[in-house]
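Note sheet for the following structure.
No lab work stands behind these numbers, since they all come straight from the coordinates. Given the structure is predicted, the values throughout are model-derived calculations rather than measurements. Cβ: placed from backbone, ideal geometry, glycine included. Neighbour counts: every protein chain shown.
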Amino acid sequence: MGPAADIALATGAISGINEVLFAPLAGNGVHFNWRIIPATGILAFLLEGLSKLNPQLALGVSVAALLTAIFGSFGHAGSPVSNAAKALGYAK
């Protein structure tokens, strides 16, 4: 497994941890979206295939997905950065 697929798996792990851990600590309820698990697997599989064709493009797509997952607000949980800041007391 190449670095693009590894980053894709990290993206899914961050999204799952955000919904299970950071969102409840920030005051939001627990709303785990089970679709994160198969979506992460499919993304890693597709990026592994893309890395065989063009490794730089696959790495760029996976890093873009990681940054979007860290700073973007999807679903009921909000972004991991804002939830972690609320949980640690840096934001209201």
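Odds and ends about this structure:
- Length-normalised contact order of the chain in % [C-alpha pairs under 8 Å, at least 6 apart]: 40 percent
- Estimated distance in nm for a label pair at Ala64 and His76, the labels positioned 7 Å out from Cα along Cα-to-Cβ: 3.1 nm
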